[in-house]
1. Quick one: what pairs do we get from region 82-94, first residue within 16 Å of ALA55 (Cβ to Cβ), second part of a helix (DSSP H, G or I), C-beta under 8 Å, 6+ apart or different chains?
2. Restricting the search to region 31-47, which residues are over 13 Å from the mean Cα position of the chain (by Cα) and charged (D, E, K, R)?
3. Pull up region 69-79, narrow it to residues that are of a type in the set (Lys, Arg) and in contact with a helix residue (DSSP H, G or I) (Cβ under 8 Å, 6 or more places away or on another chain), then point me to the one that is modelled with the highest pLDDT.
4. With respect to the numbered conditions (1) under 12 Å from the mean Cα position of the chain (by Cα); (2) at pLDDT below 95, which one is the sole condition not fulfilled by LEU21?
5. Identify, from the list ARG125, ARG82, ARG88, the residue that is at pLDDT 95 or above, in a helix (DSSP H, G or I) and charged (D, E, K, R).
6. Being exposed (fewer than 10 other Cβ atoms within 10 Å of the Cβ) and modelled with pLDDT under 95: is that true of ALA66 here?
7. Are any residues in region 38-57 closer than 21 Å to GLU92 by Cα and out of contact with any strand residue (DSSP E or B) (no Cβ under 9 Å at 6 or more places or on another chain), and if so, which ones?
8. So if I check each of GLY111, GLY61, GLY100, which one is at pLDDT 95 or above, out of contact with any Lys or Arg (no Cβ under 9 Å at 6 or more places or on another chain) and part of a loop (DSSP other than H, G, I, E, B)?
Amino acid sequence: MDDARRFLPLSAPQFQILLALTDADRHGYGIIQEIAARSRGTTQLGTGTLYTALAGLVDRGLIADAPRRPSSGGDPRRKYYRLTPLGRRVLEAEAERLEGLVREAKRKGIGAARPALSRLSSLSRTK
């Protein structure tokens, strides 16, 4: 996993693209649709952002072209991408890194049950 850490941190679009490719090879528009659906529309990549990120991920060996033939149900006119083994390790390392950040935020009372805030509100009621 150490070799994967040299690619971190990923940008939000890079993370979303790698995540979109974990369960299927996809073409650009399919990646955009997957990200929008998974995020319930809160994350929508523009084509410029998508194709710039895709080119960078290909150059770094995290994704690769995935040829499609009409017999496999893919559109032969579209360019499909697949996650490489290195890309999966990098995605796993980034997810681990993000989990650590979320743990730290919760430890500081952000996004957790917020015991510090409930203590403050109970103190203000006693005054």
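1. Pairs that qualify, where the first residue is within 16 Å of ALA55 (Cβ to Cβ) and the partner is part of a helix (DSSP H, G or I), are LEU83/LEU18; LEU83/LEU91; GLY87/LEU18; GLY87/LEU57.
2. Passing the criteria: only ARG40.
3. That would be LYS79.
4. Of everything listed in (1) under 12 Å from the mean Cα position of the chain (by Cα); (2) at pLDDT below 95, LEU21 misses just condition (2).
5. ARG88
6. Criteria not met by ALA66.
7. Answer for region 38-57, where residues must be closer than 21 Å to GLU92 by Cα and out of contact with any strand residue (DSSP E or B) (no Cβ under 9 Å at 6 or more places or on another chain): ARG38, SER39, THR43, LEU50, ALA53, ALA55, GLY56.
8. Unique residue meeting the criteria: GLY61.
The values are calculated or read from the model by the stated rules, or taken from the named source; none is laboratory data. Because the structure is predicted, anything quoted here is derived from the model rather than measured. Because the Cβ atoms are built from the backbone with ideal geometry, glycine has one as well, and the counts that use them run over all protein chains shown.
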